[in-house]
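Reading through the structure tokens given below for one structure.
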Amino acid sequence: LESFYARQLRLSPHVLGHSKAHVGRVVAELVRAAKMQGLQPGPLALSLRGDFVRIGSAYEQHKVRSPDCFDILVPLRLPPHLEPQPRCADGLGPCGAFVCGLRARAGWPRRYRPFAEGFCVELQGRRHLSSGLVLRWFQGHLQRCLGAVRYRLQERCRISLSACPGRPPMLHILPCSDYVCCHISMAVRLIPAIPLGDALYLTALLPEGPQASPAPEALWGLNTSRQEQRLLSWLKEQAPASSCHLKCLQILKGLRDLRGQGLEEPFSSQWGRVLSSYMLKTALFSLLLQGPLEAWDEQFLVERLEDLVLYLRDCLRKQVLMHFFLGNASLPEAVALPRFLKEAAPVNLLAAFDGPTLDLAAFQLINTWFQAPHIIRMYSHPRYLRPAPTP
């Protein structure tokens with residue numbers, strides 16, 4: 001496991017630091033240009049707030065293999081009179097996810113009609129902000145600003161923008177060879193986000209697979225990345241300096257990816273969704289708060305990794321893994337939650353999967369752990385490793 005981690009999973013802090021700094025500079029230029037251009041139409045159009053929020057494993061110190069993919073939230077500025085309305089109880093939207101609508105308040109002024117016609121859809125007789133229309137506007141808005149930014153950055157890198165229907169646009173960055181020492185092409189997912197306050201955001205629901213039907217446009221998903229980062233910071237302060245909790249997460253992600261190379265469709269795709277990085281991180285959070293943090297010292301790496309595997313297996317067998325922040329009353333007081341999260345209905349993240357799929361995933365998970373040395377030797381050959389994304 002140590003060799004597997006050191007050779008295939010661990011990132012060079014030097015390379016990761018350079019990559020994050022480069023991504024930050026390029027995204028800042030693009031967001032600044034998009035905000036300036038968005039000031040022209042007036043207060044009833046969409047515009048960018050002017051900042052961006054770094055989220056995901058690259059910024060939480062548990063990314064594996066290569067620092068070539070990043071996630072960035074880009075907060076938008078909306079007209080007033082849009083109120084969040086949780087819709088989980090209505091049975092709308094996908095199972096296993098907290099969904100929310102942004103509903104226009106009753107008696108919208110007539111002067112908001114152009115905005116409603118351009119960015120809203122009807123749901124149960126009321127106007128709701130459409131995630132699909134916002135995504136299309138966001139993609140076009142960034143594309144229009146790309147020319148000026150590309151000219152300013154031509155000595156640093158080559159940049160381009162691409163997008164698939166129903167998904168956030170992807171910014172591709174190819175550094176110039178004489179600008180940085182780490183010549184890695186990077187893909188940055190730019191996610192338009194609706195601020196709810198208290199570092200909470202709504203983002204568009206993504207299709208569950210390449211061939212999946214698009215999610216309802218009137219519904220949005222809840223993003224709690226900032227709360228997760230706060231919890232990780234608190235755990236870093238409370239746990240031993242040599243804590244292995246993030247290393248456990250990285251190794252388990254690596255074993256999941258190797259095991260996936262030997263599975264056949266359609267279960268191969270389901271395996272990646274059932275044991276998504278978000279599921280693994282949620283299980284780790286729950287397990288960390290069950291016992292003393294001193295038990296996560298580096299010397300107990302194998303024991304804690306096995307505990308995580310067994311905890312996940314039990315969750316899969318019981319078909320229950322609750323969202324860590326929604327309605328969770330057992331969080332430490334130091335990790336203050338917004339009222340919106342405290343009052344939200346709990347959500348079972350595994351509700352989207354049927355029993356046979358979860359049983360098979362539980363069996364494969366235990367089998368992967370028992371056969372970890374064999375799987376590492378077998379699937380670590382270069383022909384099995386996934387190629388890096390090309391810009």
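The values are calculated or read from the model by the stated rules, or taken from the named source; none is laboratory data. Computed from a prediction, not measured in an experiment: that's the story for all the values here. Neighbour counts run over all protein chains shown; Cβ positions are idealised from the backbone, glycine included. In case anyone asks, the SASA skips ligands and DNA or RNA and just uses the protein heavy atoms, side chains included. Shrake-Rupley method; radii C 1.70, N 1.55, O 1.52, S 1.80 Å.
Which residues, taken from segment 147-167, are closer than 15 Å to residue 37 by Cβ and either touching an Asp or Glu at 6+ places or on another chain (Cβ under 6 Å) or at pLDDT below 90 (or both)? Residues satisfying the conditions are 147, 148, 149, 150, 151, 152. Of all residues in segment 290-321, exactly one satisfies the criterion of being surrounded by 15 or more Cβ atoms within 10 Å (Cβ to Cβ) and touching a strand residue (DSSP E or B) at 6+ places or on another chain (Cβ under 6 Å), namely 296. Residue count for segment 267-289 under the criterion of being open to solvent by 10 Å² or more (accessible area, probe 1.4 Å) and part of a helix (DSSP H, G or I): the result is 12. With respect to residue 113, determine if the residue is open to solvent by 40 Å² or more (accessible area, probe 1.4 Å), within 30 Å of residue 103 (Cβ to Cβ) and either in the same structural domain as residue 47 (by the TED database) or not aromatic (Phe, Trp, Tyr) (or both). Yes: the conditions hold for residue 113.
Condition check: under 15 Å from residue 271 (Cα atoms) and either open to solvent by less than 20 Å² (accessible area, probe 1.4 Å) or part of a loop (DSSP other than H, G, I, E, B) (or both). Does residue 361 satisfy that? Yes; evaluated as a whole, the condition is true for this residue.
Flag: residue 260 matches the condition of being without any contact (Cβ under 8 Å) to a residue 24 or more places away in the chain and under 24 Å from the mean Cα position of the chain (by Cα). Taken over segment 153-162, residues that are open to solvent by 50 Å² or more (accessible area, probe 1.4 Å) and in a loop (DSSP other than H, G, I, E, B) amount to 3. In a residue-by-residue description of segment 248-262, the property of being in a loop (DSSP other than H, G, I, E, B) and open to solvent by less than 10 Å² (accessible area, probe 1.4 Å) applies to no position.
Identify, from the list 302, 320, the residue that is out of contact with any Pro (no Cβ under 7 Å at 6 or more places or on another chain), farther than 25 Å from residue 53 by Cα, aliphatic (A, V, I, L, M) and part of a loop (DSSP other than H, G, I, E, B). Walk me through how you get there before you give the answer.
Working: 302 fails: part of a loop (DSSP other than H, G, I, E, B).
The unique qualifying residue is 320.
Any chance segment 57-70 includes a residue that's of a type in the set (A, V, I, L, M, F, W, C), touching a strand residue (DSSP E or B) at 6+ places or on another chain (Cβ under 9 Å), in the same structural domain as residue 137 (by the TED database) and surrounded by fewer than 20 Cβ atoms within 10 Å (Cβ to Cβ)? Yes - at least one qualifying residue is present in segment 57-70.
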